[in-house]
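Below is one structure; the comments refer to it alone.
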Amino acid sequence: MSGKENRLFTIADAALTSPDGMVREVVFPAVQGGEQTLRELVHEFKTKGPVRTGQRVLQLPSSSPLAASELGC
């Protein structure tokens, strides 16, 4: 499956945007390092840009409420 890394970054960003409820109870515990690991992954994605596979590029929406300042940048 192409683009899976980009999809995972998009999921991580969405989880951090609305972490209450199931995300906090299910997603964060499923990731080694929890919420902090997801924050670091999203920061890396936003810093380095999307993963390029051939001609396709997937980017996080610029309207994403997760600002770089929230990530300690």
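The values are calculated or read from the model by the stated rules, or taken from the named source; none is laboratory data. In this text, all values refer to a predicted model and were calculated from it rather than measured experimentally. Here the Cβ is made from the backbone with ideal geometry for all residues, glycine too, and neighbour counts use every protein chain on show. Keep in mind that these areas ignore ligands, DNA and RNA; they rest on the heavy atoms of the full protein, side chains included. Shrake-Rupley method; radii C 1.70, N 1.55, O 1.52, S 1.80 Å.
To the nearest 10, the accessible area of Arg24 is 110 Å² with a 1.4 Å probe. Label-to-label distance, Leu8 versus Ala30, with points set 7 angstrom from Cα along the beta-carbon direction: 1.3 nm.
Taking the average, over residues, of other Cβ atoms within 10 Å as the packing measure, peptides 27-33, 11-17 rank 11-17, 27-33 from highest down.
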